[in-house]
1. Within region 225-255, which residues are closer than 14 Å to residue 322 by Cβ, touching a Gly at 6+ places or on another chain (Cβ under 6 Å) and not hydroxyl-bearing (Ser, Thr, Tyr)?
2. For residue 809, all conditions in the list (1) more than 8 Å from the ligand (Cβ to nearest atom); (2) in a loop (DSSP other than H, G, I, E, B); (3) among the β-branched types (Val, Ile, Thr) hold save one; what is the number of the exception?
3. For residues that are within 18 Å of residue 850 (Cα to Cα) and of a type in the set (D, E, K, R), scanning just region 793-805, find the one that is nearest to the ligand (Cβ to nearest atom).
4. Give the number of residues within region 442-470 that are within 60 Å of the chain's Cα centre (by Cα) and among the acidic types (Asp, Glu).
5. Considering only residues that are within 13 Å of the ligand (Cβ to nearest atom) and crowded, with 17+ Cβ neighbours inside 10 Å, look in region 773-792 and name the one that is nearest to residue 727 (Cα to Cα).
6. What are the residues in region 368-395 that are aliphatic (A, V, I, L, M) and closer than 21 Å to residue 494 by Cα, if any?
Amino acid sequence: MMVQPRDSILQVALSAVQRLLLPDAPPESLYQTLGELGNLLQVSRAYIFETFSDPKTDQQHVGLRYEWLAENVVSLKAMNPDIGAIPVESFGRLAEWSDRLKAGDVFYSTTRDLRLDEQSNFEASTLSVLIVPILVNHEWWGILGFDDCVIEREWTEIEIDALKIAASILGATLFNKQTVQALRTSETNYRALSAQLERRAEAMAALYETSLDINSQPDLSTLFYAIVKRAAKLIDAQIGGLYLMRPDNRSLELVVSYNLPKDYTGVVLQLGEGLSGKIAQTGQPMLSDDYSIWAGRAAVYDGTPFRRVIGVPLKVGGKVIGTITLSDIERTGPYDDEEVRLVSLFADQAAIALTNVRLFEKVHEELAERKKAEDALQISEMRFRTLTENSPDYIHIIDLSTNETIYINRPDVLGYSAVEILKGRDTTLIIHPDDLLVLQQHWRQALASQLDDQAYVEYRLRRKDGDWEWLQSRFTVMSYLDGKPHEMLATTTLVTDRKRDEEALAQSLNFYLGLLDTFPVPIWRSEIDSHIHFLNTSWFAFTGLTLNHTTQVAWRASFHPDDWDKWEKIYTSAFKARRSFEVECRIYHTDGTFHTVMIVGQPFNGLDGHFVGYLGVIFDITEIREAQQRILELNLEKARVKMLEDFIGDVSHDLRTPLSTIILNTYLLRSASDEPKRQERLTILEAQAERLKKTVQDLLDISRLEINITELTFTQVDVNQMVMSIAQFYAPHIAQKKLQLEIDANKPLPSILANETQFHRGVANLVENAMKYTKKGGISIKTYRRDELIIVEIADTGIGIPAEHLARIFDRFYKADRARSTEGAGLGLAISKKIIEAHGGKIEVESIEGVGTTFFVILPVYPANL
Ligand code: ADP
């Protein structure tokens, strides 16, 4: 076995020291030292264990720190996973040796010599162990160990001494290293501490500034903004916001938004919604490590760049009134307690600010309110005084329990001094005896609050100097005591002058009325009650009436009975609106007939400017109206003549056509040689004569209708019945033509006003046409009601009417297609139209050529049956 000289061992230890002492030497350089020692000593393992005590149990442990292995040797770590911390107690011999190790002795043993229970502590292939203590500053720091798995190695004194020195050098170095490390750590700690202090100082400064702001900055939102901004700056957050609880106490509203990508102010969160909603619910600060993926985030903030977020509540008296939230847009992970504490301090500030402002506003409001009330009172007192003292009226307040005047706004009244009045004298003595009753009655009504605001009483009072004055008083109960009138306010105006004027006025009015009386035109005048109170001499002369009753009765008697209502309606509504008016009526004339007159009325005011009634004139317009009527009749006559001319034109054409056929066929009849030919001619002759007869009949009808339409008599009839009878009449003819007939006329309908014969005719024409112009298919007749109208519908599946003819088929003599309808004269529809129009109705038609035609007879329901 090769003994290593002491120097080589120390050399290795020293070079380790040199390496370790380099300022930035990593502790791993010990591996190198172990390797050098292991190689030098040719052992299988070289290792360092560190001793330490468990801070909880104070039990001493050893733990493997560094290990070097020769080739093909098993690591100690592989044997025991707990090798980082083994209680010394459970280490058998080593435990027994610990005191000696602490004293600097080495421990050596062959594995063989170890107790069985100890052997498990050593790796199985190990044959011998040498353990050298490492002492640091006289304390047992750890051990330097060497295992041999090849031989049961013996150790020389020299080797052991050298290893002891190497261990102590390593110890000193480690101590140094540790001290430096400790120093470094404490320096870092100190730095961190001072940075923290600095931050706290910054926070304090910011908080202090905020507290100053609270007192100087009355605008809450500016203040809140500053608070959020400062808090954000302090914890390096880029974004922030402040929510306040809304009055419903169930939702929060964002009132400050700092640096948010867009202005989110006004955003509302419900309790429990998003971070702030949850904070408001729990009253506790809350963090989100990464808001962008946080399950609890509020939907409104989807797409915002919030990463880690911190939120704290604003509380007043334990109640959450809002939240402050701050957010980082880059970093994720939690904020630390210190940051939570800081932001909470700002939240407290914000809460204080809010409370302050609210208190301040309340006090202000109360002060303003009180001031307003005081001002109002002062103003109203001032007003009252100014009003009463400057009022042209006399204002008394009378105590109703004593009937004494307790206030008067004038030093004297009608020569009586205020003292005389206030003393309360029996005023009845100076009231004009004629007015006493009306005054007392008025007073009683005022006491019973039966008067409206405008009610007043006029009476005479004797002045102190003996003259009479006219007074006008209003009485109002001013206050009540125990539900009874307590004080009466009396406002009195001197109206003597006005009364005098009124008298003069009345006289002058009489004068003017006198003038009107002799005016050469009929004149009427009504008064405020709207009755006619004056009719002048000319009126009596015009009507020939004499005054037996009142002018109103005479006035009414002069009217044509049919015209009175018209007059009354116009006059009454004009009177209400104080408008002038004109109305045309017939009034009785002394010549025994009714004359058409224009009654003109004009509202007129008395000389005092107040409306007093109407003044009116009557113009006789009988001659004008007669002349107008004549012109009207003349025009009508002209129109008739024109119509007749047109008519004759049309008729002559329609008469001439069959006549020429008749003449032609008569001629042909004469020259016809054989019997069948003669018969043919005769048939034609007969048909044409028949057609002529029908045309003449139609003509007669239509002209009769045109002349006599106003003379038709109408009765209430049932449409269904009429339609049924028409349908029944035509049914056999329709069947003969092999056409279907469909009738739907049994729903109950209100009756109409109709001339039965004419109406029958009007509708029958339509049915006849339907038959005439339908070759196959059928005819349907229906009755029904639409709103206030009754409709008779006659539809067919015939040839139809080309659209371009539709508008004209109701014209006289109009035929849609002369070639195809040789049967009629084109008068049927014109007659129907005339008849239905005479019934206040109309006929409409819808038709599609080749498909069919529908006629609608539309009639008004007899109003009484609506
Ligand atoms: P007419 O005696 O020619 O039938 P009307 O005045 O009754 O005269 O009718 C005028 C024209 O309207 C007819 O010539 C015919 O062309 C057309 N017309 C009337 N009713 C129908 C109908 N139901 N179907 C088709 N055409 C009709």
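The values are calculated or read from the model by the stated rules, or taken from the named source; none is laboratory data. If you're wondering where the values come from, they're calculated on a predicted model, not measured in any experiment. Here the Cβ is made from the backbone with ideal geometry for all residues, glycine too, and neighbour counts use every protein chain on show.
1. Passing the criteria: 228, 244, 245, 254.
2. (1)
3. First, the residues of region 793-805 that are within 18 Å of residue 850 (Cα to Cα): 794-805.
Narrowing further to those that are of a type in the set (D, E, K, R): 796, 804.
Working: 796: 5, 804: 12 Å.
Among residues in region 793-805 that are within 18 Å of residue 850 (Cα to Cα) and of a type in the set (D, E, K, R), the one nearest to the ligand (Cβ to nearest atom) is 796.
4. Total satisfying the criteria: 3.
5. Taking the candidates together, the pick is 781.
6. Quick first cut of region 368-395, residues aliphatic (A, V, I, L, M) only: 368, 373, 376-377, 379, 382, 387, 395.
Those that are aliphatic (A, V, I, L, M) and closer than 21 Å to residue 494 by Cα: 387, 395.
Here's the yes/no breakdown for (1) surrounded by fewer than 13 Cβ atoms within 10 Å (Cβ to Cβ); (2) under 30 Å from residue 404 (Cβ atoms):
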| site | (1), (2) |
| --- | --- |
| 487 | no, yes |
| 505 | no, no |
| 508 | yes, no |
| 526 | no, no |
| 530 | no, no |
| 533 | no, no |
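So that you can scan it fast, the table gives a plain yes or no per residue for (1) at pLDDT below 85; (2) over 16 Å from residue 174 (Cβ atoms):
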residue	(1), (2)
12	yes, no
16	yes, no
20	yes, no
33	yes, no
49	no, no
61	no, yes
77	yes, yes
88	yes, yes
92	yes, yes
